[in-house]
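Presented below is the structure to which this report refers.
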């Protein structure tokens with residue numbers, strides 16, 4: 001072994017190894033190149049499937065954090081950091097969350113989102129500092145994202161978090177045992193093993209796809225468990241654009257079987273809150289009662305409707321007696 005820790009760590013990573021299935025990609029036709037990439041991409045969901053139990057543990061931890069008033073922070077460098085920022089940025093328009101609730105932190109700061117700041121991932125002090133900079137406390141939770149499982153910026157942030165009794169999750173794309181051998185500490189390890197990349201070391205490819213799939217699952221499943229959907233429809237969206245305003249009306253029309261004008265009127269009366277408008281129609285309630293039932297039901301429309309039915313049934317029983 002070479003007397004260089006970083007060299008030795010990288011040399012052992014599957015993501016850095018040559019992929020025998022794509023060794024002749026440099027002389028392949030355009031269509032052959034694309035089929036080789038596509039064949040490798042097909043392996044990614046299967047790798048993610050194997051770690052679903054770990055993802056489920058993480059979702060429960062995230063949901064508990066949200067219910068206790070805590071925040072979720074994604075921390076990563078390079079592609080991993082950008083994927084975290086993307087997932088965080090999508091939560092407010094999709095699920096109506098406060099922008100503070102889910103946040104992305106990338107090594108090198110905002111500039112690194114648009115232009116690679118490769119040296120930033122090695123800055124351990126910067127990783128430690130983000131805990132204080134973002135005022136992250138034990139009420140919050142951190143998801144470190146590092147394809148290699150060794151990124152110093154992420155490692156130092158997770159270590160600092162552990163010192164502060166902050167809950168931690170790590171997403172990597174190498175075996176969990178290998179991650180632990182590099183002293184990466186977390187409460188939950190999510191490690192879909194994707195194997196060698198199409199192009200050796202290009203972890204923006206299969207590793208990035210795996211990370212994106214896991215992030216989709218973490219945030220979406222957490223929001224579902226917070227009552228942000230009705231059936232399989234997102235109903236807690238913020239009306240921040242014309243598209244979202246019209247989508248909200250269509251949601252009300254489809255679920256409640258009302259026309260465009262009625263949907264518009266109910267949405268206006270509900271102050272742009274789709275869930276309130278839905279419960280006003282489905283439960284035959286005024287705005288304030290709809291809001292009260294939603295609060296009792298922790299935001300779940302179906303649970304609120306069940307409460308309404310039970311109260312109606314109890315009232316009828318009392319009248320009969």
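Brief remarks follow.
- Residue 220 part of a helix (DSSP H, G or I), surrounded by fewer than 21 Cβ atoms within 10 Å (Cβ to Cβ) and not assigned by TED's automatic domain parsing to the domain that holds residue 302: yes
- Residue 287 more than 16 Å from residue 252 (Cβ to Cβ) and either buried (at least 18 other Cβ atoms within 10 Å of the Cβ) or assigned by TED's automatic domain parsing to the domain that holds residue 236 (or both): no
- Residue selected from segment 248-262 under the condition closer than 21 Å to residue 302 by Cβ and free of Cβ contacts under 8 Å to residues at least 12 places away in the same chain, by the criterion surrounded by the most Cβ atoms within 10 Å (Cβ to Cβ): 253
- In the set (1) in contact (Cβ under 8 Å) with a residue 24 or more places away in the chain; (2) within 23 Å of residue 305 (Cβ to Cβ); (3) in a loop (DSSP other than H, G, I, E, B), the condition left unmet by residue 240 is number (2).
- Residue in segment 98-114 that is under 27 Å from residue 60 (Cα atoms) and more than 19 Å from the chain's Cα centre (by Cα) present: no
- Set 147, 157, 186, 200: member being surrounded by 23 or more Cβ atoms within 10 Å (Cβ to Cβ), in contact with a helix residue (DSSP H, G or I) (Cβ under 8 Å, 6 or more places away or on another chain) and over 20 Å from residue 212 (Cβ atoms): 157
- Residues in segment 136-176 that are in a helix (DSSP H, G or I) and farther than 22 Å from residue 86 by Cα: 7 in all.
- Considering the conditions (1) at pLDDT below 90; (2) within 18 Å of residue 187 (Cα to Cα), residue 167 is excluded by exactly one of them, (1).
- Residue within segment 100-109 that is free of Cβ contacts under 8 Å to residues at least 12 places away in the same chain, outside the structural domain of residue 271 (by TED's automatic domain parsing) and over 23 Å from residue 210 (Cα atoms) present: yes
The values are calculated or read from the model by the stated rules, or taken from the named source; none is laboratory data. Worth saying up front: this structure is predicted, and the values here are computed from it rather than measured. All Cβ positions, glycine included, derive from the backbone under ideal geometry; neighbour counts span all protein chains shown.
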